[in-house]
Amino acid sequence: MKIKGCFVIVLITLISELPLYASEETHSTWGLLDPIGRWINLLIIVAGLTYFLRQPALAFFHKRKVTLQTKIKQAEKARQKVEAKLAQAEHRMQKLDAETERIRQDARDEAEGEKERIREQSAKEVERILASARREINNLSQSVRKDLKGYAAEIAVQMASSHLRKQIDSEIDSKLSKQFLGYLDTRSQKN
């Protein structure tokens, strides 16, 4: 197949050069053999270059192949490292989501506990205030009762006094006064 390809290229080149030879005013003595000679010279040069450059070219291409294989392996290792880091980052993100949710839940629980603590503290404060108010009410009611008793006693004394004044005339009053003074005399003599 390579030989056929080379043959086709040579044939196309020869055919394409025919019009050039027809237009030239000075013809070489070789005629159509001139392009064939050129091709033979080209093949000799290519064969010589291939012979002399084959070993260095093979070494270069082998070295290049090894370098490329090494770089491909390094790239594969780097890709694996990056994929591992990506997987680790995704795992961390999942853990971060879980950690965020845990922190939110802890905050909700703490807020609920704080709410309950405030509720209990408020209930205790209300109970303390109510107890204080009850004591104050009891103290005030006792004071009012005492004042009312004193006032009632005073009114009773006034009413009794006015009632007695109506019933006691001056004669009974002087008699009672003498009895009281006599009582006080006897008592002062005993002491």
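What follows is calculated from the coordinates using simple rules that are stated; it is not laboratory data. These figures come from a predicted structure and were not determined experimentally. When we count neighbours, we look across all protein chains shown, and the Cβ atoms used for this are built from the backbone with ideal geometry, even at glycine.
Full extension from residue 156 to residue 47: what is 0.36 nm times the residue separation minus their Cα-Cα distance, to one decimal in nm?
Taking residue 156 through residue 47 to full extension adds about 23.8 nm, to one decimal.
When the Cα centres of the stretch 30-52 and the stretch 64-96 are compared, how far apart do they sit, in Å?
Spelled out, the Cα-based centre of one part sits 52 Å from the other.
Which value in Å is the Kirkwood Rh of the stretch 59-191 over different Cα pairs?
26.8
Can you compute the modelled spin-label distance between residue 102 and residue 132, with each label point 7 Å from Cα toward Cβ, in nm?
Each label point is offset 7 Å from its Cα along the Cβ direction, giving 4.5 nm.
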